[in-house]
Amino acid sequence: MKRRTLLKSLAMLPAASMAGNLWAAPATKTKLLFVFMRGGYDAANLLVPISSQFYYQARPNIAIPKPSTELNSALPINADWGLHPALRESIYPLFTNGQAAFVPFAGTEDLSRSHFETQDSIELGQPLDRSRDYRSGFLNRLAASLNADSSTPAIAFTDQLPLIMQGGVQIPNTALRSIGKPAVDVRQSKLIASMYQGTPLARQVNDGFTVRDDVMKEMIGEMDAANRNANTAKGFELEARRIAKLMKDKYNIGFVDVGGWDTHVGEGGATGYLAGRLDELGRGLAGFAQEMGNDWKDTVVVVVSEFGRTFRENGNRGTDHGHGSVYWVLGGGIRGGQIMGEQIRVEQATLFQNRDYPVLNEYRAMFGGMFSRMYGLNTAQVERVFGTRGKDIGLV
C-alpha cells in the first residue's frame, strides 16, 4: 500500500489543526463509495428515454428497444424511462427494491468536452469561475470536514492517488487488481465476415469491417488516454467484493475508477461493447452490495462519468463527446426506485447546442445536498467542500 504525504511547513501545522476542528461534523457510520466511469459513458443508452420518438430517430442502429417481452428490450421504469437490459440481473433488482436511483441531466458546467479537463473539474469540485486549487480534491475536503484522518478514514482503490483524494488529509491508495488494457478484437469481425462469403454482400461486409478496424486503431490511443490508467470493467466484480471487505472493517470513504467508456466506434445497442461493460460494472456493484451485508443499509454508492455523449449516433455506430450525463446512486437506505432531480422532455428542441443532454442537476449542488443529509453537514461546511450551497433532491 502506498501513501501520499502532503508536505507542509511547520508554521502551517497549527492552522491546519484548527481548521480540522472547525470543520468537524457529527460522528457517523455512513459509508460512501465513489465510482468514476472514465471515458464519458453513453448515458442515453443506460437510462433509455423510451417515450422520446426523437431518440429512436437519432439512433437507428444503437437504440435500445422499448420495454416488451423480448430480453433485449429496455427494462421498464416508468412511462418515460427504461433501463439497459444488461442490468437485468444486477442493478434492476436493486432499483425495484428501492436501493438504486438515477439522476438524468446531471453533470458539470465545464463545456470543454475534454476528458482530462472535465475529469479534473469534477474531481476538484470547485467553482469554474474562480481561481482553483489543483492540490485539493473534494473527497479530501469532505474527509477533512469529517475528521477522516481519525474517525472516518478514507482510501483510494487505485494505482496512484487520484486528484479527488488529494489535499490536506493524508489518504492511502492501493490497487486491488491488475489486468491488461483492452485491445481491438478482430475475431468476431472475421467470424461474421466468413458467414457472408460467396454472397452478394461479402464485399460490403468486408469493406465495412476494414473501415471500422482502421477507425478503431486511430481511436484506441485516445480511449486508453481517457482511461487515465483506470482498469476496465472486466473483472470489476472481484475488485468490488474486495473493496467491500475493506470498507466494512476499516474505511468509510472509498474511491475507485473504471475505464473503457469512450465509445466512438461500434458501441452496440442492447448487445455489444457498451452492453458488455455495463453488465460487468453492474455485476460488480451488485457484488459490492451483497458483500457489504448488514452494512449495506448505511452505505451510499455514487457512480458518475465526466460527461455524457452525443445524443445522435455517429457514422461509426458510436457516439462522441457530449455534456449532460446520468448519475447512479445506490444504497440500502436511500430513497431509491425513482428517477430523481430536475428533468425535461427529450426532444430535439431540448438538446444542449442541438447535440447533447443539458445539465439541469449540477453535481456540486447535488452532492452538497446529499452529503448534508448523509453526514449532518451545515451550509457553511458544504460551502467549504464545494464552494456552493447544496441542493437536496431527496436521494437520502
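Remarks
- Listed pairs 29/248; 29/297; 31/248; 248/391 exceeding 19 Å between Cα atoms: 248/391
- Lys/Arg +1, Asp/Glu -1 at C-beta; the range 281-395 dipole; positive extreme among 346, 310, 326: 346
- Over the Cα atoms of the range 286-396, the radius of gyration divided by the Kirkwood radius equals 1.04; this is the Rg/Rh ratio.
- Per-residue ³J(HN,Hα) for the range 335-343, Karplus 6.51 cos²θ - 1.76 cosθ + 1.60, θ = phi - 60°, Hz, x for Gly and Pro: 8, x, x, 9, 9, 10, x, 5, 9
- For the range 286-293, backbone phi angles converted through the Karplus equation (6.51, -1.76, 1.60; θ = phi - 60°) give residue-by-residue couplings of 5, x, 4, 4, 5, 5, 5, x Hz, Gly and Pro being listed as x.
- Distances between placed amide hydrogens fall under 5 Å for residue 321 paired with 310, all partners being 5 or more residues away or on another chain.
- Built amide H within the under 5 Å cut-off of residue 83, gap 5+: 48, 75, 77
- Long-range amide H partners of residue 158 with built H, under 5 Å: 174, 175
- Oblate is the label for the range 95-152, because the ratio a/c of its alpha-carbon gyration tensor axes (a ≥ b ≥ c) is 1.5 or higher and a/b is not greater than b/c.
- Surface/4 estimate of mean projected area, convex hull on alpha-carbon atoms of the range 342-396, nm²: 4.3 nm²
- Cβ crowding within 10 Å averaged over residues, with 273-283, 311-321 ranked highest first: 273-283, 311-321
- Highest average first, the peptides 127-135, 113-121 ordered by how many other beta carbon atoms sit within 10 Å of their residues are 113-121, 127-135.
Where a number appears in this text, it was derived from the coordinates with a stated rule and is not lab data. Just so you know, these numbers come straight off a predicted model, no measurement behind them. Because the Cβ atoms are built from the backbone with ideal geometry, glycine has one as well, and the counts that use them run over all protein chains shown.
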